[in-house]
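Here's the structure, in C-alpha cells; my notes come after.
The values are calculated or read from the model by the stated rules, or taken from the named source; none is laboratory data. As the structure is a computational prediction, the values presented were derived from the model and not from experiment. No Cβ is skipped: glycine too gets one built from the backbone with ideal geometry, and neighbour counts run over all protein chains shown.
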Amino acid sequence: MNSFAMKSGGRMPALGLGTWKSAPGEVGAAVREAIRAGYRHFDCAPIYANEAEIGAALADAISAGEVTRDRLWITSKLWGSCHGRDNVVPALRRSLADLRLDYVDLYLIHWPVALQERIGIGYPRSAADFRTPVEAPLAETWAGMEEAFSLGLCRNIGVSNFTATKLVRLARTAEIQPAVNQVESHPYLPQTALLRHCNDNGIVLTAYAPLGSGDRPARVRSVDDPVLMNEPVLSDIATRHGLAPAQVLVAWAVQRGTSLIPKSTNPARLAQNFAAASVSLTDAEMIAIAGLDRGHRFFKGSLWTIDGSPYTQKTLWD
Ligand code: A2P
C-alpha cells in the first residue's frame, strides 16, 4: 500500500475508507470489515453523524487484537459552527470522545465557511446562520488548529475544500503549514493545478468522491450530471485488466500521487477497492483516463452560497 511520509513522522496510507453516507447501523460493521480487509486509514467527521459508532467499532477491533492504535490513521474534521480560535480544541475533544481516541492522526478544517455557533453540527438554513470571513477569519481558526496540535490532540493538521488561493493566504500567517488538503477529485475534476500546488508545497491532496459519489444525496444531484462509473474508457481498461471500473479509478488516483477515500459499506466492494490500490496502469491508460477531465464538480458547495450568504461560488472557489 502506498503511503505518504508526514512531517509529524507518521505515514498516511494512500487509501482510506470514506464514511460519509455510511448509514448508522452499517458503518460500524463496514469499519470492522475494512480492518479485516487491510484498511488502516479511516476518514471521519462529526457532520457524518456516525463518529460514535465508528469509535465503538475501532475499540472493538483493538480489543479483539485485530489492529493496534498505532497502526491506524484516523482523520476527523472541524465543522463550520466551531470555527474561531477558542472553539477548535473543545470541538476536537468531542470528536475524540465519540471516536474513543486520545488523538486523531489528522484534523482538518472541513470547509472554509464559518457558521453561527448556535447551529451546532448541522447545515445553515438562512443567511443569518453564517459568520462572515471577517467575523471568523480562517487564520484565527487555523491558530486554534495549531493549538490542538501542540496539545497533542492531533498529530497533523490540514484543510479541506481549499483552493490554491486559500492555501497561499493561509500560508502567510500559519506557523504550521497544512499537511493535507482534502478536495473533490476524480477524472471529471482531476484538480491538476491544485495537485501541482500541493506537491510543490509538501501538502498531500486527498481525493474525496473518487468514484464519482453515485450515492450522493438528492440535494447535490442534478439531472444532467454525468455518471463517472459508466464511462466506456473506464470499462475498456477494466476489462483489459480483469477489474471493475471502480478499481480503475482507485488505481488511477493512487498512481497519480493522491490519497483517496472511496466509501463503501459492502464487504466485496471494500475488498475490491483495497486490492485496486496496488494495481499498475500503463502510461497510455493514465493518459486516456486524464482525457475524461471536464472540470465537473459534483459538490459545488451550494449550501454555503444560499441567498444572502457572505460566501459566493466565486469566493468559495476563488
Ligand atoms: P456501496 O457503499 O454500496 O459499495 P464515492 O467514494 O466516490 O463517494 O462513491 C461511493 C459510491 O460508490 C457508493 O455508492 C458505493 O456503494 C459505490 N462503490 C464503492 N466501491 C465500489 C465498487 N468497487 N464498485 C462499484 N461501486 C462502488
For residues that are exposed (fewer than 15 other Cβ atoms within 10 Å of the Cβ) and modelled with pLDDT under 95, tally how many sit in the stretch 1-20.
3
Taking the options E33, E51, name whichever one is among the acidic types (D, E) and buried (at least 21 other Cβ atoms within 10 Å of the Cβ).
E51
Quick check on the stretch 52-69. Is at least one of its residues in contact with an Asp or Glu (Cβ under 6 Å, 6 or more places away or on another chain) and more than 16 Å from the ligand (Cβ to nearest atom)?
yes
Being over 28 Å from N273 (Cβ atoms) and hydrophobic (A, V, I, L, M, F, W, C) is true for just one of A209, A128, A218. Which residue is that?
A128
Working only within the stretch 199-252, note down all residues that are farther than 23 Å from F42 by Cβ and of a type in the set (D, E, K, R).
D200, R219, R221, D224, D225, E231, D236, R240
Of A179, A127, which residue is of a type in the set (A, V, I, L, M, F, W, C), modelled with pLDDT of 95 or more and in contact with an Asp or Glu (Cβ under 7 Å, 6 or more places away or on another chain)?
A127
If only one of L249, L243 is under 17 Å from the mean Cα position of the chain (by Cα) and surrounded by 20 or more Cβ atoms within 10 Å (Cβ to Cβ), which one is it?
L249
Are there any pairs with C-beta distances below 8 angstrom linking a residue in the stretch 175-204 that is assigned to a strand (DSSP E or B) to a residue that is among the charged types (D, E, K, R) and within 16 Å of the ligand (Cβ to nearest atom), with the two at least 6 apart or on different chains, and if so which?
Q182/D43; E184/R297; L189/R297
Residues that are surrounded by 15 or more Cβ atoms within 10 Å (Cβ to Cβ) and at pLDDT below 95, drawn from the stretch 224-240
D225
Going by what's in this entry, would A218 be described as aliphatic (A, V, I, L, M) and modelled with pLDDT of 95 or more?
no
Hey, can you tell me all the residues within the stretch 160-195 that are more than 16 Å from the chain's Cα centre (by Cα) and under 18 Å from P262 (Cα atoms)?
P187, Y188
Give me the pairs: first residue in the stretch 143-163 and touching a residue at least 24 places away in the same chain (Cβ under 8 Å), second residue of a type in the set (K, R) and surrounded by fewer than 18 Cβ atoms within 10 Å (Cβ to Cβ), beta-carbon distance under 8 Å, and six or more apart or on different chains, which are they?
A143/R85; G144/R85; E147/R85; L153/R93; N156/K7
Test: S280 is more than 22 Å from the chain's Cα centre (by Cα) and within 26 Å of M6 (Cα to Cα)
yes
